[in-house]
Amino acid sequence: MARNILILGASYGSLLATKLLMAGHNVTLVCRKQTAELINRGGTEVRIKLRHEAAHRAIFSRGLPGALDAAPPEDVDLSRYDLVGLAMQEPQYADHTIRGLMAKIAEARLPCLSIMNMPPCPISNRFRRWQEWNWTRPTPTPRYGNDSSRD
């Protein structure tokens, strides 16, 4: 059964998207408007070198079983998705449109998968404090307790 997956980040997220497309799932990459237009027009190309192969192999999204599209954060309709992939560099989460989308993801209680080196603070029941923190200010990260009883 094909799933609809939203991936924040078209750079880091392209490899994950390609693997999901190969499995027949549908993927939307969240990125800047200009990048989304390019992806929607021509798809993506991921180059990967497999073991025992001398050269890199190009995998084009257009030829894969799943469907790929891209959208800027403000155009995302979360009701379409079963899973969210977090695949952006940490500073990109400071953008106001991404922060707004992350708040909506938390409110929708969509399951999230992070492929980042250092995932953002959990966005479930602790998200309110994380959202209020000023990500552009170089200060220590906010503290979060383990109290999962608060919603």
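Side notes on the structure shown:
- Cleavage-rule hits, trypsin sites (Lys or Arg not before Pro), segment 1-58, DSSP coil, Cβ neighbours within 10 Å at most 10: Lys49, Arg51
- FRET efficiency, His56 to Thr35 (Cβ-Cβ, R0 25 Å, nearest 0.05): 0.65
- Set of lysines near Lys33 by C-alpha distance (under 22 Å), chain-local residues within fewer than 8 positions excluded: Lys104
- Placed amide H near Ala67: partners under 5 Å, 5+ positions off or other chain: Asn26, Val27
- Note that segment 95-100 has calculated 3J(HN,Hα) couplings of 4, 4, 6, 6, 4, x Hz, one per residue in order, obtained from phi through the Karplus relation 6.51 cos²θ - 1.76 cosθ + 1.60 (θ = phi - 60°); glycine and proline are x.
- Phi-based couplings in Hz for segment 77-86 (Karplus 6.51, -1.76, 1.60; Gly and Pro marked x): 9, 5, 5, 7, 10, 9, 8, 10, x, 9
- Under 17 Å from the Glu45 label point (7 Å along Cα→beta-carbon), backbone N, segment 5-21: 11, 14-15, 18
Rule-based calculations on the coordinates, nothing more; no lab input. Keep in mind it's a predicted model, so treat the numbers as computed, not measured. Glycine gets a Cβ as well: all are built from the backbone with ideal geometry, and neighbour counts include every protein chain shown.
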